[in-house]
1. Restricting to strands (runs of 3 or more DSSP E) lying wholly in segment 160-228: which have 2 or more residues that are of a type in the set (A, V, I, L, M) and exposed (fewer than 15 other Cβ atoms within 10 Å of the Cβ)?
2. Looking at the structure I just gave you, is Phe99 aromatic (Phe, Trp, Tyr) and surrounded by fewer than 17 Cβ atoms within 10 Å (Cβ to Cβ)?
3. Which of the numbered conditions does Ser44 fail, given that it passes all the others? Conditions: (1) farther than 21 Å from Gly263 by Cα; (2) surrounded by fewer than 24 Cβ atoms within 10 Å (Cβ to Cβ); (3) touching a helix residue (DSSP H, G or I) at 6+ places or on another chain (Cβ under 6 Å).
4. With respect to the numbered conditions (1) out of contact with any Phe, Trp or Tyr (no Cβ under 7 Å at 6 or more places or on another chain); (2) under 15 Å from Leu48 (Cα atoms), which one is the sole condition not fulfilled by Gly125?
5. Among the numbered criteria (1) modelled with pLDDT of 95 or more; (2) within 19 Å of the chain's Cα centre (by Cα); (3) of a type outside the set (Val, Ile, Thr), which single criterion is violated by Gln120?
6. Does Asn151 count as over 27 Å from Val249 (Cβ atoms), loosely packed, with under 15 Cβ neighbours inside 10 Å and within 16 Å of the chain's Cα centre (by Cα)?
7. Counting only residues that are without any contact (Cβ under 8 Å) to a residue 60 or more places away in the chain and assigned to a helix (DSSP H, G or I), which one in segment 16-73 is nearest to the chain's Cα centre (by Cα)?
8. State all residues of segment 93-147 that are assigned to a strand (DSSP E or B) and within 17 Å of Asp16 (Cβ to Cβ); if no residue qualifies, say none.
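The values are calculated or read from the model by the stated rules, or taken from the named source; none is laboratory data. Everything numeric in this text was worked out from a predicted model, so none of it was measured. Virtual Cβ from ideal backbone geometry, glycine too; neighbours counted across all protein chains shown.
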Amino acid sequence: MTTTKSILAVGSIALDSLETVEGNRTEILGGSSTYFGLAVSLFSPVSLVGVVGNDFPQEGWDLFSNKKIDTKNVQVESGKTFQWGGRYSDDYSTRDTLFTDLGVFENFQPSISEEYKKTQFLFLGNIQPDLQLNVANQMDEAKTIVCDTMNLWIDLCPERLWDVIKSVNIFLLNDEEAIQLTQKVNIYDAANQLLDNGPSVVIIKQGKNGALLAYDDVRIHIPVFPVNKLVDPTGAGDSFAGGFIGHLVNHGNNDFIEAVITGSAVASFTVSGFGVDGLLAADMDSIQKRKDIIRASMENFKNV
């Protein structure tokens, strides 16, 4: 577990109930750690940090095992697994939360076993900033810390979130969150402010419009893969992060443009099915084909 290619991820493991124009699903596997873990496991071994209740379905454990995802740091507590329900508008432009039942996640205190504290890559999923800091402070030698967040934490505890931002190498958020957090008028100014506050790389996700990658003097827009049918966007951001980090682990810690292309390709599978179904259809060959298409669209844009 102390190899340079090991990845540790902290976040939620949940059961989601979803309503979209394509149909409904009830209590299917979800959560930021779940999507990230399944995505990054395509590239590298990964260990999850999280908590579930004693109602967590066996098929969830079986899936993690089949994908060789390490769950030794996933606590099992008496009570209910975190559940979330959401409804997407017909054009997927908005999402309403129908219910949130934190269950055992409400009192979650991450605990990292000693053998994992030298893990070199750490992903902090979009959980409470205090929990993110808790995990980051337990890690002895993480050379790359990647952090995601969400608008809830910008609303509730922006100061603590800024503390997290100062302690990470790579920070991810979406365009609305970037504007809300920085109070800037556009994502380029938002990226500049974020870079001035700690991270060396900032990625601002723009949904169907791609992502802005910002580091050093580079500001580059990277498009998404054009999926034939959007089914369920849940977990796309975490899947993106999994593909992004998976590429960095395998190909070097500075290949950011190609890493974002990889993240976009992986996320395109997630949105093509309910829950994790679309992501489970991905393999390295199909990911590479989608990366080639994304890269070609970037070249075409340059030549216009």
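1. Output list reads 218-222.
2. In short, yes.
3. Going through the list (1) farther than 21 Å from Gly263 by Cα; (2) surrounded by fewer than 24 Cβ atoms within 10 Å (Cβ to Cβ); (3) touching a helix residue (DSSP H, G or I) at 6+ places or on another chain (Cβ under 6 Å), Ser44 breaks only (1).
4. (1)
5. For Gln120, the exception is condition (1).
6. Yes: the conditions hold for Asn151.
7. The extreme case among them is Phe64.
8. Answer for segment 93-147, where residues must be assigned to a strand (DSSP E or B) and within 17 Å of Asp16 (Cβ to Cβ): Arg95, Asp96, Thr97, Leu98, Phe99, Thr100, Asp101.
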